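The values are calculated or read from the model by the stated rules, or taken from the named source; none is laboratory data. It should be emphasised that the depicted structure is a prediction, and the values quoted were computed from it without experimental measurement. As a convention, Cβ positions derive from the backbone with ideal geometry for all residues, glycine included, and neighbour counts pool all protein chains shown. Just so you know, the surface numbers come from the protein's heavy atoms only, side chains and all, with ligands and any DNA or RNA stripped out. Shrake-Rupley method; radii C 1.70, N 1.55, O 1.52, S 1.80 Å.
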Amino acid sequence: IQFAVAEPAVTVPNSAADVLPTLTNGQRWELVFQDEFNGAQIDTNKWEIMGDWRRRDDWWLKDDSYLDGKGNLVIRTKRTAERRSSGGVRTKGKFEHTFGYWVARVQLQKQPGHWTAFWLMSDKVFKVGDEGRDGTEIDICEFPYLDGRYEINLHWDGYGRAHKSAGHKQTVPGITEGFHTFALRWTPTEYVFSCDGQEQWRTSAGGICQQPLYVKFSAEIGKWAGDISQAKLPDHFLVDYVRVYDAVASTNTPTK
């Protein structure tokens, strides 16, 4: 897959223009969803702030998802006298979409015992019978490690006895420092995952989801990421922006 800088018609008002896959057949990229996380509060027209409820080993609390006033969404993992907690946000019921190019610029957590993720989800993932075509959890990037590795995962046919999955583990040197972009090119026939504009995994596992999915950003406390008792908390997962683009027919009229 080849990448090119976003066309001028695409408005990307935050810190960086996205490097988008090159399109053919007279198509162009159209921005259909974005949040640059500017302002003082999370836009609840776009996001549901998750919590307050149990999640895996500890809790998701609403106060662990917030904007820092510097253009970032913050997902915090913290410890208080009562409990440990982290947070998450999702666009369920507010923005759900099929196919396109999904990209976020994030900065990872620094401490063990919790993992962070940029992923797509739907209640239809629980359906069984049509492989992943009727709903797939797409984990564009999950970060249980602090050594440059990350995982890309697909889950379909629910989470019980019929559950199926496919995944890929990738090492990207320097990924734990600063901000990096993670993206999915989702077409009717394949998924293509990339980091900083470089393709990392291409697959058609599960038969390719044909159903709308919503965006999630989250941090989760659990042993997959190590021992949370060893973490110096609070710790933070930052999201600079998220954008979703559709490949649409170009309206440009050829010049004679």
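Could you list, in sequence order, the residues of the stretch 62-97 that are among the charged types (D, E, K, R), over 14 Å from the mean Cα position of the chain (by Cα), buried (at least 17 other Cβ atoms within 10 Å of the Cβ) and under 26 Å from D196 (Cα atoms)? Residue satisfying the conditions is R76 alone.
Of all the residues in the stretch 60-101, those that are out of contact with any strand residue (DSSP E or B) (no Cβ under 6 Å at 6 or more places or on another chain) and not in a strand (DSSP E or B) number 10.
The criterion of at least 3 residues that are farther than 23 Å from V244 by Cα and open to solvent by 30 Å² or more (accessible area, probe 1.4 Å) is met by the following strands (runs of 3 or more DSSP E) wholly inside the stretch 102-212: 164-171.
With respect to the numbered conditions (1) of a type outside the set (S, T, Y); (2) farther than 20 Å from H236 by Cβ; (3) more than 15 Å from the chain's Cα centre (by Cα), which one is the sole condition not fulfilled by G100? So G100 meets the others, but not (3). Each residue in the stretch 224-256 was checked for being modelled with pLDDT of 95 or more, over 19 Å from Y101 (Cβ atoms) and among the basic types (K, R), and 1 pass. The residues of the stretch 112-156 include none that are touching a Pro at 6+ places or on another chain (Cβ under 8 Å), among the acidic types (D, E) and farther than 19 Å from Q170 by Cα. Number of residues in the stretch 30-45 that are open to solvent by less than 60 Å² (accessible area, probe 1.4 Å) and either within 15 Å of the chain's Cα centre (by Cα) or of a type in the set (A, V, I, L, M, F, W, C) (or both): the value is 8. Within the stretch 141-166, residues that are more than 18 Å from G206 (Cα to Cα) reach partners that are part of a loop (DSSP other than H, G, I, E, B) and open to solvent by 50 Å² or more (accessible area, probe 1.4 Å) with beta carbons closer than 6 Å, at six or more positions or on different chains, in the pairs G148/P173. Number of residues in the stretch 223-251 that are acidic (D, E) and over 18 Å from G88 (Cβ atoms) equals 2.
Looking only at the stretch 221-234, residues that are open to solvent by 10 Å² or more (accessible area, probe 1.4 Å) and either assigned to a strand (DSSP E or B) or of a type in the set (D, E, K, R) (or both) come to 3 in all. Taking residues in the stretch 26-53 that are farther than 18 Å from M121 by Cβ and free of Cβ contacts under 8 Å to residues at least 12 places away in the same chain, and partners anywhere that are in a loop (DSSP other than H, G, I, E, B) and of a type in the set (A, V, I, L, M), the pairs with Cβ atoms closer than 7 Å and at least 6 places apart or on different chains are D52/L61.
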